[in-house]
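Here the structure comes first, spelled out in structure tokens, and everything after it is commentary.
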Amino acid sequence: MERIYQVVSEEDMARQKSFAAAVRELPHRPETYFIVTYGCQMNAHDSEKLAGILEEMGLIPAAKREEADFVIFNTCCVRDNAERRALGNITWLREVRKTRPELMIAVCGCMIQEPGMAEKILKQYRFINLAFGTANLHRFPEIMYEALESGRNTVKVDTQDVIPEGLPVQRLRKESAYLTIMYGCDNFCSYCIVPYVRGRERSREPSAVLREAEQLLKDGTKEIMLLGQNVNSYGKGLGNGITFAKLLKELDRMGVPRIRFMTSHPKDLSDELIDAMHDSKHILPQFHLPVQSGSDRILKKMNRHYTRDIYMERVRKLREAVPGIGLSTDIIVGFPGETEEDFRDTMNLVRDVGFDSAFTFIYSPRVGTLAASMEEQVAADISTRRIEELIALQEGIQQETLKRFLGQEEEVLVEGFSKRSDEAVSGKGRHAVSVTLNGEAADIGNIVKCRITALKHNTLMGERTAGVK
Ligand code: 5AD
Ligand code: SF4
């Protein structure tokens, strides 16, 4: 089978490097930068790439956004509130510009990729110096050079679905690293804008993924978080027989201490993947499996391609293969046409599964998606009441599910000092639950063993049992 999507050519990437070098030499280029990030892990990782490129162009990080010469907003458009928050903050920065005319304002990410947004920026947000979409991220040096040289606002939005390899990355955390394995999404869930702004699903070559993982391992990374909108269908279209389960096995063999991944789609969660999780040493016993709704009728309208029964069967199989596995999910309430009965189905599913955590959202119509034009949009007060009920239910369930850790040993990858005390540190256990334990600065970035002694809200409290692993 022939590959449909092209990796950006080495010549093009080299051209971008020379633009970065040219920007570095420009006398009037900004000296400091600040990145404001909205949205998911994909965006957080894109911001690490933006930082990598900015540093290649000679800029250094500023401590505060008001002090930076160059502020870039990496936007999200999955729900209306993310978009409004970004636009509000961008407009606020315009005021700062009044006292610091040299300030450059840039906007990138999913919002820019929305149909009509480029025109809107050119007309209504003329104070923005440069804007580019997710498809143009690797061309950031060229766009920056053009903006600085011309002094005009520069807006670039492409739609080609390419894979850029070899971008510089400035990682926020050394011990836990993001690694993108695929871009885009082909699922077209009827509520979701992602396929329109992130383009068609395309997987990186396994050799490129493994090379990056090897480098991370050499650099001392303790945990790799594999990223993609639907990692379970990794490999589709590459034509070399690779699957997500096979990729995981390779990474497991390599010896990365901890492997996690996000996000999965229940329809693509294969037995092969469940077996790989069972057999592996390093894949963490946790799974983020968005269900979205517990009603078959709504799942069908959402174009999710599974039923409540299929979802429950996948959960049962996961729990059989990996006892004690930590399950988390995403749920939308107030999808068009959701009746009280449909909502009860969701509440019942949440009761039946017993998730360790759930991200709950009120449905937000996105222009251009199928659901936005569906009749029977649910009134805001009804959606608000439903989400409150759902959150209250999940909180109670979480208190019960987390009790299974009491008295158990847990390994924690320490992220930093606990907010409440400088004699306690906190991080994530193997099941992706937050743990706070007694510790010190030397623990940060390391995996530490502890026994779970108490549960405070949604955090496990641990007593250290042994040193660094
Ligand atoms: N409205 C509300 N929530 C949404 N999500 C995606 N699109 C929408 C929307 N239009 C949620 C889904 C997805 C998560 C990342 O965001 O639950 O899993
Ligand atoms: Fe959106 Fe569905 Fe793709 Fe997830 S799988 S990004 S919810 S279209």
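Each reported figure results from applying straightforward, stated rules to the coordinates on display, with no laboratory input. From a predicted model like this one, the values you see are computed outputs, not experimental measurements. Heads up, the Cβs are rebuilt from the backbone with ideal geometry, glycines too, and the neighbour counts pull from every protein chain shown.
Any idea what the alpha-carbon Rg over 2.2 N^0.38 Å comes to for the stretch 387-456?
On the way: Rg = 13.4 Å, N = 70, 2.2 N^0.38 = 11.1 Å.
This ratio for the stretch 387-456 stands at 1.22.
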When we measure straight from the Cα of LYS218, which aspartates and glutamates land under 17 angstrom away, once same-chain ones fewer than 8 places off are left out? GLU175, GLU250, ASP252
Name the helices (complete DSSP H segments) of the chain with a Cα length along the long axis of 24 Å or more and a Kyte-Doolittle mean of at least -0.5, or state none. 380-401
Starting from the Cα gyration tensor of the stretch 137-232, multiply each eigenvalue by 5, take the square root, and state the resulting semi-axes largest first in whole Å. 27, 22, 12
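For Cα pairs less than 8 Å apart in space and 6+ apart in sequence, what is the mean separation divided by the residue count of the stretch 256-318, i.e. the relative contact order in percent?
Working: 47 pairs, mean separation 23.3, N = 63.
The value is 37 percent.
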What distance in nm lies between label points placed 7 Å from Cα along the C-beta direction at LEU455 and ARG97? 5.1
For the modelled label position 7 Å from the Cα of ARG152 along Cα-to-Cβ, which residues of the stretch 97-122 have backbone nitrogen atoms closer than 19 Å? 105-107, 118-122
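Give me the one-decimal Kirkwood hydrodynamic radius in Å for the chain, with the sum taken over alpha-carbon pairs.
Numbers: mean 1/r = 0.0420 Å⁻¹.
Computed over Cα pairs of the chain, the Kirkwood hydrodynamic radius comes out at 23.8 Å.
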Evaluate the distance, in nm, between pseudo-label points positioned 7 Å from the Cα of ARG351 and of THR159 along their respective Cα→Cβ axes. 4.7
How far apart, in nm, are two points set 7 Å out from the Cα along the Cα-to-Cβ line at GLU389 and at ARG420? 3.3
Among the aspartates and glutamates, which fall within straight-line cross-link reach of LYS249, defined as a Cα-Cα distance under 17 Å, with same-chain neighbours fewer than 8 residues apart omitted? GLU205, GLU212, GLU214, GLU223, ASP271, GLU272, ASP275, ASP279
Amide H contacts under 5 Å for ALA131, restricted to residues at least 5 apart in sequence or on another chain and with H modeled in the peptide plane, are VAL107, THR154, VAL155, LYS156
Equivalent-ellipsoid semi-axes of the stretch 221-361, from the Cα gyration tensor, Å, largest first: 29, 16, 13
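Stretch GLU66-GLU214 to full length: gain in nm at 0.36 nm per residue minus the Cα-Cα span?
Numbers: separation 148, 0.36 × 148 = 53.28 nm, distance 3.82 nm.
Separation in residues times 0.36 nm, less the Cα-Cα distance, equals 49.5 nm.
Using 1/(1 + (r/R0)^6) with R0 = 35 angstrom and r between the beta carbons of LYS174 and ASN240, what's the FRET efficiency to the nearest 0.05? Kindly include the intermediate steps, with their values, before the conclusion.
Details: r = 32 Å, r/R0 = 0.91.
After rounding to 0.05, the efficiency reads 0.65.
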With just the Cα atoms defining each centre, how far is the stretch 84-106 from the stretch 161-179? Give it in Å. 27
